[in-house]
Amino acid sequence: MDEAYDVIVLGTGLTECILSGIMSVNGKKVLHMDRNPYYGGESSSITPLEELYKRFEIGDGPPESMGRGRDWNVDLIPKFLMANGQLVKMLLYTEVTRYLDFKVVEGSFVYKAGKIYKVPSTETEALASNLMGMFEKRRFRKFLVFVANFDENDSKTLEGVDPHGTTMREVYRRFDLGQDVIDFTGHALALYRTDDYLDQPCLETINRIKLYSESLARYGKSPYLYPLYGLGELPQGFARLSAIYGGTYMLNKPVDEIVMEGGKVIGVKSEGEVARCKQLICDPSYVPDRVRPAGKVVRVICILSHPIRGTNDSNSCQIIIPQNQVGRKSDIYVCLISSAHNVAAQGKYIAIASTTVETDSPENEVQPALELLEPVDQKFVAISDIYEPTDDGTESQVFCSRSYDATTHFETTCDDIKDIYRRMAGAPFDFESMKRRQNDVFGEDEQ
């Protein structure tokens, strides 16, 4: 280990693994260490099921009715991939897709007045939806057509809207959309967690709705994808990419000290040896003195023996409970997956309810979601701090990632990856920088 590297990466969470993959593809010499004996850090999938019971200190382990423990891969952080989003683009450009199989999530639903409705996102679905009355449907259809045609560089499509000046609240007003429609448009299509976006310029929201519609158009059932065997497969896929390009991996490796000199990182000390480096990437757990708390997330993992009522018996789905519907500031999310994704025993389902913590009793905050899941065979409650770095790392060359937030997709994680890359490289992130070069197979079978 007494060697010099361009970059040392601490922690094998998704953010760290993607960055180590990109750095390796770009010809950097990378050492990647994790104090845990498994990949994934906070974003790992726990297997076998006995391990999950141990982790949450629940009784004597799973009952026989849960089936074989090794049939389970339970995500600690529930997220789906937007089919047309940035993470899928990263997977395609790096060809990490060759290590993974994905399934389309079967449906996206929204909660209104105690009931679940399918999220309408095409004109046809909007006209058939029970979420709105007849006149509301026509107005919403007009709005969707406006969004689909909207191009900030073509004034003919703007209909008098200034992309950088007109707020989203004004756009809704222009189409005379009611509160319920605004709720599901902002939260189930644009996927905002709060209503702060209403008074921001409308361009970001319009682009988010477009991303949802384009993602939906790719596969039809929903805009979301999910990897077989759980989200823990994602960091492992990018770790393989890094290894192919010469990256060195060490799991179960304690980190004794990050060695600094003159305010700059020069290496990492582990078990009496020092590996030298020019730059360091890590998750917040490795640098507690360089991060600050930025809120908490509560996640409740529920094992069920049935699909969720009102979702057409979907094997997988997302349900969004907009904050207005339950008198909160931030939305509650439910992600459901099942044995169809090789993450649970036959006939079993995993539903994870999550939200940003707003009170002193976090578990009560997800109660509206838990009521939709009844009866629950077993639940595991996790309350996690969210950390963000206190500085941008350009002085120290220590680049710390942000904790995973309560969103149910990876767009904010990809924004963080692009931001860290920009600060490390001193140039904007470019997807082209992730592309494998022709004939770069290094002992892999040609596919």
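The values are calculated or read from the model by the stated rules, or taken from the named source; none is laboratory data. Not measured: the values here are computed from a predicted model. We place every Cβ from the backbone using ideal geometry, glycine too, and count neighbours over all the protein chains shown. Surface accessibility is based on the protein's heavy atoms, side chains included, excluding ligands, DNA and RNA. Shrake-Rupley method; radii C 1.70, N 1.55, O 1.52, S 1.80 Å.
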Can you give me the Kirkwood hydrodynamic radius for segment 119-219, using every pair of distinct Cα atoms, in Å to one decimal? 13.6
With all protein chains modelled, accessible area of TYR387 [1.4 Å, Å²]: 80
Percent relative contact order of segment 140-294, based on C-alpha pairs within less than 8 angstrom and at least six residues apart? 12
Can you give me the Cα centroid spacing of segment 210-238 and segment 271-336 in angstrom? 16
Net charge, GLN346 excluded, C-beta distance under 11 Å - Lys, Arg +1, Asp, Glu -1: +1
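Rounded to the nearest 0.05, what FRET efficiency do LYS269 and MET134 have when you use their Cβ-Cβ distance and R0 = 51 Å?
Approximately 0.15, to the nearest 0.05.
Which value results when the Cα radius of gyration for the chain is divided by 2.2 N^0.38 Å? Present the calculation step by step, with values, prior to reporting the outcome.
Working: Rg = 22.6 Å, N = 447, 2.2 N^0.38 = 22.4 Å.
Against the empirical 2.2 N^0.38 Å value, I get 1.01 for the chain.
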Sort GLU214, GLU273 from largest to smallest accessible area, using a 1.4 Å probe on the heavy atoms of the protein chains. GLU214, GLU273
In nanometres, what is the gap between the two model label sites at LEU100 and GLU51, each 7 Å from Cα along Cα-to-Cβ? 1.8
When the label point is put 7 Å from the Cα of LYS142 along its Cα-to-beta-carbon vector, which residues of segment 170-208 have a backbone N closer than 17 Å? 170-179, 181-182
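Below 9 angstrom from the Cβ of LYS269, what's the summed charge of the other residues (Lys, Arg +1; Asp, Glu -1)?
Residues near LYS269 contribute -4 overall.
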Grab the DSSP H runs of the chain that are 4 residues or longer, score each as -39,500 (n - 2.57), total them, divide by all residues and round the 222 nm result to the nearest 500 deg cm²/dmol. -7500 deg cm²/dmol
So the carbon and sulfur contribution to the accessible area of the chain, 1.4 Å probe, in percent, is 45
Just order 52-60, 204-212 by mean Cβ neighbour count inside 10 Å, highest at the front, would you? 204-212, 52-60
For the chain, with +1 on Lys and Arg beta carbons and -1 on Asp and Glu, the positive-most of PRO322, GLY59, VAL287 along the dipole: PRO322
Convex hull over the Cα atoms of segment 282-432, averaged projected area in nm²? 11.5
Please list, or write none, the lysines whose alpha carbon is within less than 22 Å of the alpha carbon of LYS118, excluding same-chain residues fewer than 8 places away. LYS79, LYS103, LYS137, LYS142, LYS210, LYS221
Please work out the FRET efficiency for the pair ASP377 and GLU125, using the Cβ-Cβ distance as r and a Förster radius of 41 Å; give the result to the nearest 0.05. 0.80
If I model a spin label at LYS115 and ASP313 as a point 7 Å from the Cα along the Cα→Cβ vector, what separation in nanometres do I get? 2.2
Descending accessible area (1.4 Å probe), largest on the left, turns ASP430, ASP34 into ASP430, ASP34
Name the residue farthest towards the positive end of the dipole of the chain from the options THR124, ALA217, GLN346, assuming +1 on Cβ of Lys and Arg, -1 on Cβ of Asp and Glu, about the Cα centre. THR124
Hey, what angle do you get for helix 233-244 against the long axis of the chain, alpha-carbon based, 0 to 90 degrees rounded to 10? 40
Nearest-ten-degree value, helix 134-149 long axis tilted from longest Cα axis of the chain: 40
Pseudo-spin-label distance THR157 to GLN346, built 7 Å along Cα→Cβ, given in nm, is 5.0
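Using the Cα centre of segment 119-219 as the reference point, and only Cβ charges (+1 on K/R, -1 on D/E), how large is the resulting charge dipole? Debye, rounded to the nearest 20.
Result for segment 119-219 is approximately 320 debye, rounded to the nearest 20.
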For segment 119-219, what does the relative contact order come out to in percent, with C-alpha contacts under 8 Å and a separation of six or more? 30
Simple Cβ-charge dipole of the chain, Lys/Arg +1 and Asp/Glu -1, about Cα centre, in debye nearest 20: 1000
Protection proxy ranking, peptides 151-158, 319-326, average beta carbon neighbours within 10 Å, highest first: 319-326, 151-158
So for segment 44-152, Kirkwood radius off the Cα pairs, Stokes-Einstein at 25 °C and 0.890 mPa s: how many µm² s⁻¹? 133
